[in-house]
Amino acid sequence: GPIAYGLFTFFWFAWLDIDKLMRYNAWGSRKKQPHPKKELIIFWATKVYYIIAFVVLPVVLLPVNMGQWAIGFLTMHVVSSILITNILQVEHLNEKVKIAEVGEDNIVTTSWAVNQLEGTSNFKTNVFFQWISGPVNYQIEHHLFPTVAGCHLPAISKIVEEKARRYGLQYQCFPTFT
């Protein structure tokens with residue numbers, strides 16, 4: 001548990017997103033249509049960039065030995081992993097979120113959008129935390145509009161909250177992160 005949480009960002013880089021790419025191609029909506037080459041080039045180029053920026057350059061340019069570099073590299077991942085896993089747990093695993101109801105026929109009884117709205121939560125933060133976390137505190141809007149840039153989520157949140165209240169749906173937003 002805790003060790004896996006501490007290395008989440010490293011596992012994401014080293015395996016999780018590669019696994020998602022492979023599974024998406026094999027079983028997802030791209031089964032009959034391959035990823036555009038531009039997307040694949042960007043995907044693999046960012047992997048190479050990461051290795052150069054966080055492994056090769058520090059080892060070559062900094063006056064540190066491999067042990068010191070490894071401590072710094074692991075510290076970077078532990079800190080960022082703990083931050084992101086705690087944020088995601090607050091937003092997804094709390095007493096206020098609703099778990100999708102499944103009928104007798106094993107089919108979810110509510111719509112996809114309602115599940116996204118009521119199955120997660122937001123929390124209000126200060127500008128610094130919002131900047132450093134890449135507005136993940138707008139998790140409801142991120143689930144509803146996953147391809148929209150984070151800078152637009154605060155404005156969208158006002159519309160989503162108003163529509164949720166109008167239709168009697170839960171819009172959970174905690175006043176703080178804690």
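Here are the numbers:
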{"item": "When each of Lys124/Lys163; Lys47/Lys98; Lys98/Lys124; Lys38/Lys158 is checked by Cα-Cα distance, pairs over 25 Å", "result": "Lys47/Lys98; Lys38/Lys158"}
{"item": "Simple label model, 7 Å out from Cα along Cβ direction - Phe54 to Lys37, nm", "result": "2.9 nm"}
{"item": "Inter-probe distance in nm under a simple model that places probes 7 Å from Cα toward Cβ, at Lys20 and Tyr5", "result": "2.1 nm"}
{"item": "Nearest-0.05 FRET efficiency for Asn65 and Cys173, computed from C-beta distance (R0 41 Å)", "result": "0.30"}
{"item": "Percent carbon-and-sulfur accessible area, the chain, ignoring ligands, DNA and RNA, probe 1.4 Å", "result": "69 percent"}
{"item": "Residue with peak Gaussian network fluctuation, the chain [Cα springs, cutoff 10 Å], from Val48, Val160, Val148", "result": "Val48"}
{"item": "Solvent-accessible surface (1.4 angstrom probe) belonging to Ile82, in square angstrom, nearest 10", "result": "80 Å²"}
{"item": "Per residue accessible area of the chain, 1.4 Å probe, in Å²", "result": "69 Å²"}
{"item": "Calculated [θ] (222 nm, deg cm²/dmol) that DSSP helices of n ≥ 4 give over the chain, each run adding -39,500 (n - 2.57)", "result": "-16500 deg cm²/dmol"}
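The values are calculated or read from the model by the stated rules, or taken from the named source; none is laboratory data. These numbers come from a predicted model, not from an experiment. So basically every Cβ, Gly included, is an ideal-geometry build from the backbone, and we count neighbours across all protein chains shown. Only protein heavy atoms, including side chains, enter the accessible area calculation; ligands, DNA and RNA are left aside. Shrake-Rupley method; radii C 1.70, N 1.55, O 1.52, S 1.80 Å.
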